[in-house]
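Take a look at the structure below.
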Amino acid sequence: MTQRIDKALIAEQNAKLEGYVKQDYEALGNQLARQGINIDDITAKAELFQIAVPSWGTGTGGTRFARFPGIGEPRNIWEKLEDSAVINDLSQCTERVSPHFPWDKVDDFTELKGFSDELSLKWDSINSNTFQDQAGQEHSFKYGSLSNTSQESRDLAIAHNLECIEWGQALGSKTLTVWVGDGSNHPGQQHFQHAFERYLDSMKKIYAGLPKDWELHIEHKMFEPAFYSTIIQDWGSNILAAMELGPQAKSLVDLGHHAPNVNIEMIVSRLIQFKKLGGFHFNDSKYGDDDLDSGSLHPYQQFLIFNELVDAEYRNQEGFGPNYMLDQSHNVTDPIESLMNSAASVQRSYVAALLVDRPALTEYQTNNDALMASNTLKKAFTTDVSPILAMARLRKGGAIDPIATYRASGYRQAVAEKRPNSGGNGSGIV
Ligand code: LRH
Ligand code: MN
């Protein structure tokens, strides 16, 4: 029997807070009305906001040094979906799950689709994996996959991606995300152009296998697992590849895949302008690809990214329709709590960006009034939109306070009874 959060418990928990939320909502409504903003219009948009959760983020993550699993770890995609349903029941903005193959591979995808339907969950982008060798794999990815000098390894990687598309079609997904760890650790180890030509040749074969209504998202990353060069190292190589492949190929921005202090919101603006923004892997980081909780370190950067996204919406930018997804590793928190917290953090950045006075901003930009332009953004960013987020969850049947309701449910302890401790702390992100 699938463990869910009892609707009665959600109602009971909400009853304690509903009065305060309504008070705060009214006060914020009056504040926004003075700026000519109707709070219910904003809340309606907040209710439509969706961000996908990564199946691999529902288990405790680790590093190359160690992984310290928590209790009641999900052991397979069925239990990862169970936990994802709890996240969506409470946060009401994460109805989509993004799987990773072969980590989430099953024998019967129709059965898996049936199970996700039961949980009112949908399938987001499919992530292929050619950064690990599978047991008994004939041709290794040690020296790369889609760009490997070995045609056999490249063919294996191409075949895996085409298989991922088939599995994705069975689940109702419409996107394939391709991140490869291909690269080099020593100067001279790889011929940069030849390697990129091999990569593009392989990706063209994957692109040819895309159903007409699918997109192929290319994910760039500065380093790791390669530590000298990476085949798609930055947004430049990414957009070149996406343009070379065709209109269904777009670039995916994982926030942690950039050098510290890179202006990611400007990269987003460029990708929007050239209709090549496919989507995001939201997380936060201080040093490398730390995969920390979204908005936990750089909430203003996350807001500035949504300022570009809302501006594109506001301008009805042609070819604009990015996909939002979290991609995090939860090494020291309960993954369900971190994913709910992070989904709300990204939703908060979106809602705050909706409050930006765009005609005024345009005026200040035109007149080079830098201070007032900056203040116009800061005014929106510093507006506490918590009442709008809580009201959106309340109106959709979710929890006003997802973390408190989750803890009151005792869900983790309950599933720990059913899921024997996976023991062993091994290492690695999953
Ligand atoms: C690479 C990455 C990629 C996933 C993996 C789990 O660092 O961000 O998106 O395939 O993490
Ligand atoms: Mn990612």
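The values are calculated or read from the model by the stated rules, or taken from the named source; none is laboratory data. Keep in mind that what you see is a predicted model, and the values were worked out from it rather than measured. Ligands, DNA and RNA are excluded from the accessible area calculation, which covers all protein heavy atoms including side chains. Shrake-Rupley method; radii C 1.70, N 1.55, O 1.52, S 1.80 Å.
Helical content of the chain, expressed as a calculated mean residue ellipticity at 222 nm, amounts to -15000 deg cm²/dmol (DSSP H runs of 4 or more residues, -39,500 (n - 2.57) each, divided by residue number, nearest 500). The value of relative contact order for segment 7-418, using C-alpha pairs under 8 Å at least six residues apart, is 20 percent.
Computed with every protein chain present, the accessible area of H298 is close to 80 Å² [probe 1.4 Å]. For segment 19-75, dividing the convex hull volume of the Cα atoms by the residue count gives 183 Å³ per residue. Take K396: with every protein chain present and a 1.4 Å probe, its accessible area is about 70 Å². Mind putting together the pair-distance distribution for segment 287-372? All Cα pairs, 10 Å bins, whole percent per bin, short to long. Pair shares across the bins are 15, 39, 28, 15, 3. Summarising the amide proton neighbourhood of W123: residues at separation of 5 or more, or on other chains, whose placed amide H is nearer than 5 Å comprise V97.
Under 12 Å of direct C-alpha separation, and excluding same-chain neighbours fewer than eight residues apart, K275 reaches these aspartates and glutamates: E318.
Going by accessible surface with a 1.4 Å probe and the largest first, T110, T333 read T110, T333. In the chain, the C-alpha radius of gyration followed by the widest Cα-Cα span (Dmax) gives 22.0, 67 angstrom.
Its Cα gyration tensor gives segment 336-430 an equivalent ellipsoid. The semi-axes, each the square root of 5 times an eigenvalue, are 41, 18, 8 Å from largest down.
The number of Lys pairs in segment 42-174 with C-alpha atoms less than 21 Å apart, excluding pairs fewer than 8 positions apart on the same chain, is 11.
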